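Trainee: The structure that follows is given in the form of structure tokens.
The values are calculated or read from the model by the stated rules, or taken from the named source; none is laboratory data. None of these values were measured; they are calculated from a predicted model. We place every Cβ from the backbone using ideal geometry, glycine too, and count neighbours over all the protein chains shown. Keep in mind that these areas ignore ligands, DNA and RNA; they rest on the heavy atoms of the full protein, side chains included. Shrake-Rupley method; radii C 1.70, N 1.55, O 1.52, S 1.80 Å.
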Amino acid sequence: MRYDVVVVGAGHAGAEAALATARLGLETLILTLNLDNVAFMACNPSIGGPGKAQLVREVDALGGEIAQNIDRSALQIRMLNTSKGPAVRSLRAQADKISYQTQMRLALEREPKVQLRQAVVERLLVEKGRVRGVVTNSGQEIEARAVILATGTFLRGEVHIGERHFPSGPQGQLPAVELADNLRDLGFEVVRFKTGTPPRVHGDFIDFSKTIRQEGDPALFFSFWTDPSHRREEVPCWLTHTTERTRQLVLENLDRAPMYSGQIQGVGPRYCPSFETKVCQFPDRGEHHIFLEPEGRRTREFYVGGLSTSLPEDVQHQMLISIPGLKKVRLMRPGYAIEYDCLVPTQLDYSLAVPGVEGLFSAGQINGSSGYEEAAAQGLLAGINAARHLAGEEPITIDRSTAYLGVMLDDLVEKGTDEPYRLMTSRAEYRLLLRQDNADLRLVELGRKIGLIDDQRYAAFLEKKELIEKERTRLLSTRIKAEELPAIGQSSTENLSLAQLLRRPKVSYDLLGALDPARPPLPPEVVEQVEILIKYEGYIKKQEDQVAKFRRQEGRRIPAQLDWDKVQGLSWEGRDKLSRLKPRTLGEALHRGVTPADLAVLGIYLERGGENIE
Amino acid sequence: MRVLFLGTRICLFIAGFHFFPEKVKKMIDTIVAISTGAPGGIGIVRLSGKDAWSIGQRLLSWQGKPQARHMYFSKILSQDGKPIDECLFVLMRGPNSFTGEDILELHCHGGTVVLTKVLDRCLEAGATLASPGEFTQRAFLNGRLDLTQAEAINDLIHAKTQRAASVAVEQLEGSLSRKIKDLRERLLDLLAQIEGRLDFPDEIQDELPPELWTELSGIQAEIGELIRSGHSGQILREGLPVSIAGKPNVGKSSLLNALLGTERAIVTACPGTTRDVIQETANFHGIPVLLADTAGIRQAHDPAEQLGVELAQRTAQEAALVLLVLDGSQPLADEDHTLLASFPPEKLLLVVNKCDLPTAISAQELGELSPSPAYFVSAQSGQGLEELIAAIAQRAMLGDGTNQALLVNARQREALYGAQSALQQAYEAQELPWDLVAIDLRTAVEKLGEITGENLVEGLLERIFSNFCLGK
């Protein structure tokens, strides 16, 4: 049979990609090495956190599945950074790992145009610069008009546990060796990264009395479309810490750590170092937080967050024992480090198409990123753009000022990464505008245009938008007499609008209720929106001005026939890059990794009318 | 990490080669120039490029393999082996040289004829003539200079006096860029304190250290300091604009000539001779001074003269200092009083000219005119000029008067102002959520980064990861 799209890999990227292409009307085949591991959470059983929660909401607003899926399978959801400001308030869920997989697999199985099948892809069929399908290890040729690679950490995967190392995918799954070779043979530039995971332990042997309980809030959800009246039965997480003894164990066994013995060559992420790295880099620090996170409702397995390690199993066991609450620990799976191949992401373009092979797209960890959320977002985008490619439509691209998705794309595609890439709020220049609470306001229209937001959802969105606008107008126009203010502990010489009051530091929408009897009943997400828009108006305006400047720069045209040698003062690398890539605008030049200094030189040159432009 | 980095570099390089052979060729050329200015005892011919030494071998009598940075004595030979000059030469190997390429310097006998011969010989042996600023350009292109340093070299080339040049040299060594880098790094440390807490709430649970705010206002003050010193830097680079004003025929043009020691302006006894603004650069105690002689300011009848008068008034308004010239041999006129009133007193320097003639103005009259002392000079005899010159120089350096002034150009100053105001706003936001404080702090870091050419995010992440132990 011939398919429109074949998706290689059914992890977090692959699942989103397949759902997107199928929902956009394309016959989609999704292949996985193991059907039981669809949307497998190989590491932390958790979704969200700063930067990532925003991304999950964006995927939701564009019509992706991840937010719905975590709402269906969460053990608990917490709001992080509640007091640190609206830009960084972030949801984080603890997932029931098994349920997460089952739910995602079910979503795929129920999607009429998706076929889910277990197979090992050995190579791509490429003809005259076009992808024509894939070949499986049984020799079967599967034809497709587009192929999306979402292979995760499986490409030439190599697991390290102490002195032992062997070819493997994550958590004992098969590695994809032939496909990795095939990609190299096709001439793609490949880099080797490393990541790791901590050990898992048996919950019945944890003494929780020695740990601190962390609760979630059963009324919190990721998806804009989840029924808000739903209430979750919460499962707590637990906090403990390492001790001096743990540290000593690492130091005594450093010669057996593959990270330090030279056995591992791949580059690991700085934001998620192994415990041995933490000990070596922060020798003065006695204790490190350890998070005991349940992996599901129907298992007693616990994830030991904070103890990512590839030390030998016996050392891991000793280390666990040294942690308060884990004295009687039963190790269920050891931690390990995994090295894998990924494509150098600067080879890709903004649509996640792989240049050089028409119809080929890639998404997720194969693009040098890390994290389920990052993978899901790329999967969605690759799916959308594969569909648009087949329909002969312009690809969807999203810039840094619109979404974290745009920040990630820009970082990966234009700047590249020298470690597994993770989103963080600090990567976003316009963070205050890219909030998790307004992801729908930023992106639903685009999702609708793409065709992934159905009528019902769209209507709900429009209604919410209208409520926000109405309430905002009401707060701006409703005036409160000065003499009423002491009732809420405020004072003023003149009458003030509710909006003016709300801008004061200690005044909340809630507090204003006492002076505002005419207030309509509103859903909490509408109130939240109105409150943020009014309270932080000054800062929002500041960021909007920055965005306007960014867009102006984006739009500043560079003449196509510009003679780069005439632009004095450009760096050698900058000049080379610019003359090779021929960016059409200053913004594009910025994306292409041109340094600010070069950009300034170029800007000045254009400003002076160096090329008689307009 | 290495693999990726290397990979991209190679890819870039090859792509550059493939698509732009002519540009690659250009960089491959070995350039040559006489790099010393006015004729002196020694003249240096400098070659830069990968063939610098092989060209040198073709024209030097010295045989062997020279050690880098050592001086050798040799003859420079013409193509047919006849000596052109004797020289000391030194070879500097790239990338440890100014341009980042191999550099061969031939220290020859000064004198235009000899140097031109040596230069020609180099060209004959395969070098190409450097275009103006090309050594600097190569240094910049080869990553040997950052933008600030490159600008400093540009300032150096255009520096108008020795003192300005010495400041440019100081900046070239990176004193400005060091200072700004240092401030930026300290700010990044503060920002990392906040950003780390925003992005890693599990790992960093404590409050912001209160010293953060003291450090923040400290940095803000230092930026203010830089801006202030930047003003005198600007004077050093662009010159102090000084306007010579006065009613017609008080001897303004003669004064200009006397101050310059040349005959630039037309001097006649006929009032209203100077109709254009004449501007000259003078060197007063190492300070470049832009002296503008203006048409005598009075009610003019001739339209051309009227134009000159208007121009004079405007020039005087724009000047940092106005030398108001009085004719000491004549009693004070109404016009003198009117003129005096039309300039702000802090800009004025009263100059009583023609003091070689009998004085018609009393000390008391002068005291009533202006509280600051008047300078008695004679443009004719040169009397009192030294004191006047010293006074002008002192005005230029008012406030610091040291050699430490950092050259801050307009672009840099603008960025410094931006950083300063962003820090002020961050400081005022202490009670607000951290993500809002971060907005202004980031702006400040970015503004400083515009000067040093550094990108915010990578430096910031580096800070977060090295300051905090992170990772679940």
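Trainee: Tell me, yes or no, whether the range A:518-529 has at least one residue that is open to solvent by less than 20 Å² (accessible area, probe 1.4 Å) and closer than 27 Å to residue A:347 by Cβ. Can you show your working first?
Mentor: Filtering the range A:518-529 down to residues open to solvent by less than 20 Å² (accessible area, probe 1.4 Å) leaves A:526, A:529.
Within this subset, residues satisfying the condition of being closer than 27 Å to residue A:347 by Cβ are none.
Checked against the condition, which is being open to solvent by less than 20 Å² (accessible area, probe 1.4 Å) and closer than 27 Å to residue A:347 by Cβ, the range A:518-529 yields no hits at all.
Trainee: If you take the residues in the range B:454-467 that are more than 7 Å from chain A (Cβ to nearest Cβ) and within 23 Å of residue B:414 (Cβ to Cβ), which one is surrounded by the fewest Cβ atoms within 10 Å (Cβ to Cβ)?
Mentor: B:459
Trainee: Determine whether residue A:87 is within 11 Å of chain B (Cβ to nearest Cβ), buried (at least 24 other Cβ atoms within 10 Å of the Cβ) and not aromatic (Phe, Trp, Tyr). Walk me through how you get there before you give the answer.
Mentor: Numbers: within 11 Å of chain B (Cβ to nearest Cβ): yes; buried (at least 24 other Cβ atoms within 10 Å of the Cβ): yes; not aromatic (Phe, Trp, Tyr): yes.
So residue A:87 passes the test.
Trainee: So, one more: Identify the residue in the range B:162-201 that is at pLDDT below 65 and open to solvent by 10 Å² or more (accessible area, probe 1.4 Å) and, among all such residues, is farthest from residue A:271 (Cα to Cα).
Mentor: B:162
Trainee: Follow-up question, since we're still on this one. So, of the residues in the range A:45-69 that are in a loop (DSSP other than H, G, I, E, B) and open to solvent by less than 10 Å² (accessible area, probe 1.4 Å), which turns out to be nearest to the other protein chains (Cβ to nearest Cβ)? Before you say what the answer is, go through the steps one by one.
Mentor: Quick first cut of the range A:45-69, residues in a loop (DSSP other than H, G, I, E, B) only: A:45, A:49-51, A:62-65.
After this cut, where a residue has to be open to solvent by less than 10 Å² (accessible area, probe 1.4 Å) as well, the list is A:45, A:49-51, A:62-64.
Values: A:45: 11, A:49: 8, A:50: 5, A:51: 7, A:62: 24, A:63: 28, A:64: 23 Å.
Among them, the one singled out is A:50.
Trainee: Identify all residues within the range A:410-432 that are surrounded by 24 or more Cβ atoms within 10 Å (Cβ to Cβ) and more than 10 Å from every other protein chain (Cβ to nearest Cβ); write none if there are none.
Mentor: A:420, A:421
Trainee: Just to be sure I understand, how many residues within the range B:419-453 are touching a residue at least 40 places away in the same chain (Cβ under 8 Å), over 16 Å from residue A:430 (Cα atoms) and facing chain A (nearest Cβ under 10 Å)?
Mentor: 4
Trainee: Could you pull out every one of the helices (runs of 4 or more DSSP H) wholly within the range A:482-586 that has 1 or more residues that are aromatic (Phe, Trp, Tyr)? Give the derivation first.
Mentor: On the way: elements: A:498-502, A:509-512, A:524-535, A:537-555, A:572-581.
Once the helices (runs of 4 or more DSSP H) in the range A:482-586 are filtered for at least 1 residues that are aromatic (Phe, Trp, Tyr), what remains is A:509-512, A:537-555, A:572-581.
Trainee: For residue A:479, are the conditions met, namely being within 14 Å of another protein chain (Cβ to nearest Cβ) and charged (D, E, K, R)? Walk me through how you get there before you give the answer.
Mentor: Numbers: within 14 Å of another protein chain (Cβ to nearest Cβ): no; charged (D, E, K, R): yes.
Taking the combined requirement at face value, the residue does not satisfy it.
Trainee: Right, something else. Can you give me the ranges of the strands (runs of 3 or more DSSP E) entirely in the range A:282-341 with at least 1 residues that are farther than 27 Å from residue A:101 by Cα? Give the steps one after another, and end with the answer.
Mentor: Values: elements: A:289-294, A:301-305, A:331-333.
Ranges flagged: A:289-294.
Trainee: Still on this structure, I have one more. Please list, ordered by first then second residue, the pairs with beta carbon atoms under 7 Å, 6 or more apart or interchain, first in the range A:429-443 and in a helix (DSSP H, G or I), second among the basic types (Lys, Arg) and open to solvent by 20 Å² or more (accessible area, probe 1.4 Å).
Mentor: A:439/A:57; A:441/A:465
Trainee: Here is a list of conditions, (1) among the hydroxyl-bearing types (Ser, Thr, Tyr); (2) within 14 Å of chain B (Cβ to nearest Cβ); (3) under 20 Å from residue A:160 (Cβ atoms); (4) in contact with a helix residue (DSSP H, G or I) (Cβ under 9 Å, 6 or more places away or on another chain), and residue A:370 meets all of them except one; can you say which number that is?
Mentor: Failed condition: (4).
Trainee: OK, next. Among the residues of the range A:141-158, which ones are at pLDDT 95 or above and either under 27 Å from residue A:370 (Cα atoms) or not basic (Lys, Arg) (or both)? Don't jump to the end; show me each part of the working.
Mentor: Of all residues in the range A:141-158, those at pLDDT 95 or above come to A:141-150.
Those that are at pLDDT 95 or above and either under 27 Å from residue A:370 (Cα atoms) or not basic (Lys, Arg) (or both): A:141, A:142, A:143, A:144, A:146, A:147, A:148, A:149, A:150.
Trainee: Could I ask something else about it? Looking at (1) part of a loop (DSSP other than H, G, I, E, B); (2) away from every other protein chain (no Cβ under 14 Å), can you tell me which one residue A:72 breaks?
Mentor: Unmet condition: (1).
Trainee: State the number of residues belonging to the range A:390-409 that are surrounded by 20 or more Cβ atoms within 10 Å (Cβ to Cβ) and touching a residue at least 60 places away in the same chain (Cβ under 8 Å).
Mentor: 6
Trainee: For the range A:389-421, name all the residues that are assigned to a loop (DSSP other than H, G, I, E, B) and under 16 Å from residue A:58 (Cα atoms). Quick ask: steps written out before the conclusion?
Mentor: Keep residues of the range A:389-421 that are assigned to a loop (DSSP other than H, G, I, E, B), which gives A:391-403, A:416-420.
Once the filter is applied, which keeps residues that are assigned to a loop (DSSP other than H, G, I, E, B) and under 16 Å from residue A:58 (Cα atoms), the range A:389-421 yields A:396, A:397, A:398, A:399, A:400, A:401, A:402, A:403.
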